[in-house]
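What follows is one structure encoded as C-alpha cells, with my remarks underneath.
What follows draws every value from the coordinates through simple rules; no lab data is involved. Computed from a predicted structure; not experimentally measured. Don't worry about glycine lacking a Cβ; one is built from the backbone with ideal geometry, like all the others, and counts go over all protein chains shown.
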Amino acid sequence: MQNTGSFTMKVNQAEKTIDMTVSGTFTPEKAQEFIKEYQQTLSAIKPEEFVLQFDCRDLSVVSQDLAPNLENVMRMYKASGFKKVLVGIQKKPIIKMQLNRLARSAGLDNFEVAEIY
C-alpha cells in the first residue's frame, strides 16, 4: 500500500519563509486540497519577499502519470514570484533528479534541492 500524501503549510513572518512539509504520494484530490490551501496562504503575504521552503524527506518518487501535475505545481510556484524555492530531501538521487528536471521544465530558475538528514 502506498503512503497517502500529506502536507503542512506555515507562514513564518519573522524569517520571511513559508515552511511546508510534503510526504507520501498525492492523490488528485489531495493535490487539489494542497493547491487550495496554498492559494489561501499566498493571499495573506507578498511572495516576492518570501522563500518557499519544503521538507520533502518523506516524499515518494513521482510516478510518470503524476509528473505533469507536479510540473504544473512548479509553474504555480514560478508564477507566485518567490524570492527562492528551496526543497530539502533525503539523499535520494532519483528524487533529486526528478525535482530538478521538473523545475527546469517549468522554468523555475530560483529552485534549489538540498539534501537534509
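Of all the options Val22, Val61, Val85, the one that moves most in a Gaussian network model of the chain with Cα springs shorter than 10 angstrom is Val61. Overall shape: oblate for the range 77-117, with the ratio a/c of the largest to smallest alpha carbon gyration tensor axis at 1.5 or above and b/c at least equal to a/b.
Say the dipole of the chain comes from +1 at the beta carbon of Lys and Arg and -1 at that of Asp and Glu; which of Pro93, Met76, Ala14 then lies farthest toward its positive end? Toward the positive end, the furthest listed residue is Pro93.
The residues neighbouring Thr4, those whose beta-carbon lies less than 11 Å from its own, together hold a net charge of 0 under the Lys/Arg +1, Asp/Glu -1 convention. Quick one: work out the % antiparallel among DSSP beta bridges in the chain, nearest 5. If we restrict to bridges inside the chain, about 30 percent are antiparallel. Paramagnetic label reach from Asp19 (point 7 Å along Cα→Cβ; backbone nitrogen cut-off under 19 Å): within the range 58-73, residues 58-59. Label zone (Asp65, point 7 Å along Cα-to-C-beta; backbone nitrogen cut-off 18 Å) within the range 1-45: 1-5, 24-32. Checking the cross-link filter: which lysines have an alpha carbon closer than 23 Å to that of Lys10, excluding same-chain neighbours under 8 positions apart? Qualifying lysines at Cα under 23 Å: Lys30, Lys36, Lys46, Lys78, Lys83, Lys84.
Using C-alpha pairs under 8 Å with a sequence gap of at least 6, the mean separation divided by the residue count of the chain gives a relative contact order of 23 percent. Each other residue within a Cβ distance under 12 Å of Ser43 adds +1 if Lys or Arg and -1 if Asp or Glu, for a net charge of +1. Full extension of the chain between Ser43 and Glu115 yields a length gain of 22.9 nm, computed as 0.36 nm times the residue separation minus the alpha carbon distance. Every Cα-Cα pair of the range 6-115 was included, and the share exceeding 15 Å stands at 62 percent.
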